[in-house]
Amino acid sequence: MTIIKFEFSQAELESRVQVALSNYEFHTPKYGRLTALELFQSNSVAHALELYHEKRKAGYTQSEVSPLYFDHNPGTGSFSWIEFHLYKPEKQQAKDKAAIAEKVEADYRAELEQLFNEHVEIEARRSVERRQRELEAARIAEEQRQLEEARQEIINLYKGQAA
């Protein structure tokens, strides 16, 4: 049996947390992804400016992501809107980062447990298969011994008649 250690590594955890925090800081919020940036949308320039001002007063900071303006296309049923990204306040980012670190650690520990359980299952199956092969080999050896014994009895029976 191969002995593999499924030990928790603080260095591995820290590496995974750093990758997750880097993704948090440098990605835009798509598909429900938790990021330092928050997306705001408005259907008018006036509302967008008002929203921008409110969020800046609430502690949000300017981002490098350029605002986008989507113009109305007559006949398509669409409407115009503006979207922009702001960085969340530091306090919110600290909460997000703590939640990310907790999730990364929980995922890492769950991964280690899953790998351990998979390894246990593989080793258990190997052990059962090995025992079955050993039992089969023992059964074949016993069958061969019995056949040889039966042959010897028959040979002795014929030798006894000839004498």
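Check E38, E64, E25 and return the single one that is acidic (D, E) and open to solvent by 70 Å² or more (accessible area, probe 1.4 Å).
On the way: E38 fails: open to solvent by 70 Å² or more (accessible area, probe 1.4 Å); E25 fails: open to solvent by 70 Å² or more (accessible area, probe 1.4 Å).
When all the criteria are applied, what remains is E64.
Given the criteria at pLDDT below 95, aliphatic (A, V, I, L, M) and in contact with a helix residue (DSSP H, G or I) (Cβ under 7 Å, 6 or more places away or on another chain), does I3 qualify? No; evaluated as a whole, the condition is false for this residue. E54 satisfies every condition listed in (1) touching a His at 6+ places or on another chain (Cβ under 7 Å); (2) over 30 Å from E7 (Cα atoms); (3) not aliphatic (A, V, I, L, M) except (1). Of the residues making up segment 79-96, just one is at pLDDT below 90 and out of contact with any Phe, Trp or Tyr (no Cβ under 8 Å at 6 or more places or on another chain), namely F79. Pairs linking a residue in segment 39-53 that is among the aromatic types (F, W, Y) to a residue that is in a strand (DSSP E or B), with Cβ atoms under 8 Å and 6 or more positions apart or on different chains, are F40/E83; F40/F84; F40/H85; F40/L86; Y52/F40; Y52/F84; Y52/L86. For segment 1-34, a residue qualifies if it is farther than 18 Å from R109 by Cα, assigned to a loop (DSSP other than H, G, I, E, B) and free of Cβ contacts under 8 Å to residues at least 60 places away in the same chain, and the qualifying residues are I3, H27, T28, P29, K30, Y31, G32, R33.
Of the residues making up segment 53-61, not a single one is under 21 Å from A20 (Cα atoms) and surrounded by 12 or more Cβ atoms within 10 Å (Cβ to Cβ).
The values are calculated or read from the model by the stated rules, or taken from the named source; none is laboratory data. Please read these numbers as outputs of a predicted model, since none were measured by experiment. Counting neighbours? That spans all protein chains shown, and the Cβs are built from the backbone with ideal geometry, glycine included. Please note that ligands, DNA and RNA were not included when accessible areas were found on the heavy atoms of the full protein model with its side chains. Shrake-Rupley method; radii C 1.70, N 1.55, O 1.52, S 1.80 Å.
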